[in-house]
Structure formats: structure tokens, C-alpha cells
Amino acid sequence: MARILALDYGKIRTGIAVTDELQLIASGLTTVETKELIPFLEKYLKEETVERFVVGQPKQMDNSPSESEELIQGFLEKLMAVFPAIPVERQDERFTSKMAFQSMLDSGVKKKKRRDKAMVDEISATLILQAYLNRF
């Protein structure tokens, strides 16, 4: 089986998480600058087989799209153009940043490390991917 790769897309940074090859466990991979995301994915896909992308879908509490959805739509068009053979699915990402921060607190991560936004983005991507896996 191939991996599933999840993205917590952001204007500046994007958190990335992947499954194991059996698609059982979601693990944080890294965080990259968003401007370097496509080159990073091209390199990654030369080394690993990815079955699908899961991209976080930010929503307001009333289920309407958040402001950042417009930015994500532009990225999705590019992603599908560069990797047309890999399907893209969306996963509600409400509360993932808060949950990521809380998991860092619960894990005893020091205050200085908790300020690392890249770490929060990677954990958020992992939570998005785990929520996607839990749907099935």
C-alpha cells in the first residue's frame, strides 16, 4: 500500500504528516515554508509512494468556509495540476491548532518549544490525518 499525506496549509508554513504504508498510523513528517511546498512534495514523491493527499479544510463554527479557504483553493489547483494522478480529499481542521497546543502541554513540552509555530503546524497536520483515518 501507499502512504496518505496530509497538509495543514498555511500562508507562511505548511505542516505535513504521513501514514505508514499500511495506512494505520498518522505521524508528523515536517513543516516547510509554503513557498517551498511543491518542490518538497516533488522530492518526497520520488522516494515514497503516496496514494492521496488530505488537505485541511478550515471552517467557521457555522460551517461556512474560513477566510483562508480562498488561499487554499489556489493551492489546490496548483497541487492537482502538478500531481494529477494523486487524488485530493479535504478534512475539517477546526480546533486542530488548539488541540496541537494542548497535546504539547500534555506531553510536557517546554514553554520555549511550545512557541515553535512549525511544531504546532506539524502536529496539526497529524491531527488532520488522524481524523481522516478515523472516518473509515
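The values are calculated or read from the model by the stated rules, or taken from the named source; none is laboratory data. Everything numeric here is computed off the predicted structure, so don't read it as measured data. With ideal geometry, Cβ positions are generated from the backbone for all residues, glycine too; neighbour counts draw on all protein chains shown.
Evaluated against (1) in a helix (DSSP H, G or I); (2) without any contact (Cβ under 8 Å) to a residue 24 or more places away in the chain; (3) surrounded by fewer than 16 Cβ atoms within 10 Å (Cβ to Cβ), Glu42 falls short on exactly one condition, (2). Candidates in the range 13-24 are the residues that are touching a residue at least 40 places away in the same chain (Cβ under 8 Å) and outside any strand (DSSP E or B); of these, the one that is nearest to Leu76 (Cα to Cα) is Gln23.
Of all residues in the range 7-22, one or more are modelled with pLDDT of 95 or more, buried (at least 22 other Cβ atoms within 10 Å of the Cβ) and either at positive phi or more than 10 Å from the chain's Cα centre (by Cα) (or both). Could you check, for the range 25-37, whether at least one of its residues is surrounded by 16 or more Cβ atoms within 10 Å (Cβ to Cβ), part of a helix (DSSP H, G or I) and out of contact with any Gly (no Cβ under 7 Å at 6 or more places or on another chain)? Yes: the range 25-37 contains one or more residues that are surrounded by 16 or more Cβ atoms within 10 Å (Cβ to Cβ), part of a helix (DSSP H, G or I) and out of contact with any Gly (no Cβ under 7 Å at 6 or more places or on another chain).
Return yes or no: is Ile128 at pLDDT 90 or above, in contact with a helix residue (DSSP H, G or I) (Cβ under 8 Å, 6 or more places away or on another chain) and in a helix (DSSP H, G or I)? Yes; evaluated as a whole, the condition is true for this residue. If you go through the range 59-110 and keep only what is aromatic (Phe, Trp, Tyr) and either at pLDDT below 95 or under 15 Å from the mean Cα position of the chain (by Cα) (or both), you end up with Phe75, Phe95, Phe101. Of the numbered criteria (1) among the charged types (D, E, K, R); (2) assigned to a loop (DSSP other than H, G, I, E, B); (3) in contact with a strand residue (DSSP E or B) (Cβ under 9 Å, 6 or more places away or on another chain), the one Arg90 fails is (2).
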